[in-house]
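Inspection log for the structure reproduced underneath, given as structure tokens.
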Amino acid sequence: MATVLNPGSFDPIHLGHVDVIEQAVELFGHATVTVMHNLEKTGALFTVERRMELIRGALAEAGIGGEVDVTAFAGLAVHAAAAVGAAFIVKGLRTAADFEIEQQMALTNYSVTGMHTVYLPCRADRHYISSRFVREIARYGGSVSHMVPRCVADALREQFPPDDRP
Ligand code: PNS
């Protein structure tokens, strides 16, 4: 089956990610969402297994669970793509700053194995959402329910109960 790889940290998945995955499914019919967990990135909020569970929950909420596989991979994104037989890598673009970083990664990845990257623009009303700010807002008791799927909002409430907040 043809698929495309959408790699990321997904710590946690938010509605901007969901929009990009929905677009990938609409355009290509199937997507593989892969939680990349390399040694360089430490201090994650959720374990890899929990992030995968939350991705599955988010995709079920969006009604596209059947068109998306969820995997985890430690290593290079191009190797993760090869491991699932992906035709190419799909990345979401939010800001101009994203473009600079994504362009460098895309060109580097192409230079390593000839794997192409396709950019999908995140829809305008979700442009501003980032996992980093979702974590920060939830940690200090702010509301993130408009930025994340319901299952993620529930998981963040469990992770940061009101009595434990700084
Ligand atoms: O959600 P993020 O943190 O923006 O995702 C970044 C990620 C994990 C997709 C990127 O860091 C990545 O592809 N890491 C895998 C390592 C790799 O392939 N390095 C070479 C990239 S040029």
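Taking only pairs six or more apart or across chains, which ones have beta-carbon atoms under 7 Å, a first residue in region 70-92 that is assigned to a helix (DSSP H, G or I), and a second residue that is β-branched (Val, Ile, Thr) and within 13 Å of the ligand (Cβ to nearest atom)?
Close Cβ pairs (under 7 Å, with a partner that is β-branched (Val, Ile, Thr) and within 13 Å of the ligand (Cβ to nearest atom)) amount to Ala77/Ile89; Val78/Val112; Val78/Thr113; Ala80/Thr34; Ala81/Ile89.
Considering only region 1-46, how many residues are in contact with a Cys (Cβ under 8 Å, 6 or more places away or on another chain) and among the small types (Gly, Ala, Ser)? Before the answer, list the steps.
Let us first name the residues in region 1-46 that are in contact with a Cys (Cβ under 8 Å, 6 or more places away or on another chain), namely 16, 19-20.
Right, trim to among the small types (Gly, Ala, Ser) and you get 16.
Number of matching residues: 1.
Anything in region 17-57 that is of a type in the set (Asp, Glu), within 16 Å of the ligand (Cβ to nearest atom) and assigned to a helix (DSSP H, G or I)? List them, or say none. Full working, then the answer.
Residues of region 17-57 of a type in the set (Asp, Glu): 19, 22, 26, 40, 49, 53.
Filter once more, so that each one left must be within 16 Å of the ligand (Cβ to nearest atom): 19, 40.
The answer is Asp19, and nothing else.
Of the residues Ala106, Ala138, Ala83, Ala96, which single one is within 15 Å of Leu15 (Cβ to Cβ) and not acidic (Asp, Glu)? Steps first, please.
On the way: Ala106 fails: within 15 Å of Leu15 (Cβ to Cβ); Ala83 fails: within 15 Å of Leu15 (Cβ to Cβ); Ala96 fails: within 15 Å of Leu15 (Cβ to Cβ).
Just one listed residue meets the conditions, Ala138.
Out of Thr3, Thr71, which single residue is over 21 Å from Arg135 (Cα atoms) and surrounded by 19 or more Cβ atoms within 10 Å (Cβ to Cβ)?
On the way: Thr71 fails: surrounded by 19 or more Cβ atoms within 10 Å (Cβ to Cβ).
Just a single option satisfies the conditions, and that option is Thr3.
Yes/no matrix, rows are residues, columns are (1) under 25 Å from Ala60 (Cβ atoms); (2) of a type in the set (Lys, Arg):
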| residue | (1), (2) |
| --- | --- |
| Leu107 | no, no |
| Met115 | no, no |
| Ser130 | yes, no |
| Arg157 | yes, yes |
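Could you list, in sequence order, all residues of region 143-166 that are assigned to a loop (DSSP other than H, G, I, E, B) and surrounded by 15 or more Cβ atoms within 10 Å (Cβ to Cβ)? Spell out the reasoning first.
Step one: filter region 143-166 for residues assigned to a loop (DSSP other than H, G, I, E, B), giving 143-149, 160-161, 165-166.
Scanning region 143-166 gives Val144, Met147, Val148, Pro149, Phe160.
Can you confirm whether Ala62 is more than 14 Å from the ligand (Cβ to nearest atom) and at pLDDT below 95?
Details: more than 14 Å from the ligand (Cβ to nearest atom): yes; at pLDDT below 95: no.
No.
Is it the case that region 107-118 has a residue that's away from the ligand (no atom under 13 Å from the Cβ) and not in a loop (DSSP other than H, G, I, E, B)?
Going residue by residue through region 107-118, those that are away from the ligand (no atom under 13 Å from the Cβ) are 114, 116, 118.
With not in a loop (DSSP other than H, G, I, E, B) added as a condition, the list becomes 118.
There is at least one residue in region 107-118 that is away from the ligand (no atom under 13 Å from the Cβ) and not in a loop (DSSP other than H, G, I, E, B).
Table: residues versus (1) under 21 Å from Thr113 (Cα atoms); (2) aromatic (Phe, Trp, Tyr).
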| site | (1), (2) |
| --- | --- |
| Pro12 | no, no |
| Val20 | no, no |
| Phe28 | no, yes |
| Ile64 | no, no |
| Asp69 | no, no |
| Ile89 | yes, no |
| Thr95 | no, no |
| Gln103 | yes, no |
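Would you confirm, using the coordinates I've provided, whether His14 is within 16 Å of the ligand (Cβ to nearest atom) and over 19 Å from Ala83 (Cα atoms)? Break it down into steps so the answer makes sense when it comes.
Values: within 16 Å of the ligand (Cβ to nearest atom): yes; over 19 Å from Ala83 (Cα atoms): yes.
Spelling it out, His14 is indeed within 16 Å of the ligand (Cβ to nearest atom) and over 19 Å from Ala83 (Cα atoms).
Consider only pairs whose beta carbons are under 8 Å apart and that are at least six residues apart or on different chains; among these, list those whose first residue lies in region 44-63 and is more than 9 Å from Asp11 (Cα to Cα) and whose second residue is hydroxyl-bearing (Ser, Thr, Tyr).
Filtered contacts from region 44-63: Met52/Thr71.
Here is a list of conditions, (1) crowded, with 20+ Cβ neighbours inside 10 Å; (2) within 15 Å of the ligand (Cβ to nearest atom); (3) of a type in the set (A, V, I, L, M); (4) within 14 Å of the chain's Cα centre (by Cα), and Ala86 meets all of them except one; can you say which number that is?
(4)
The values are calculated or read from the model by the stated rules, or taken from the named source; none is laboratory data. Model, not experiment: these values are computed from the prediction. Cβ: placed from backbone, ideal geometry, glycine included. Neighbour counts: every protein chain shown.
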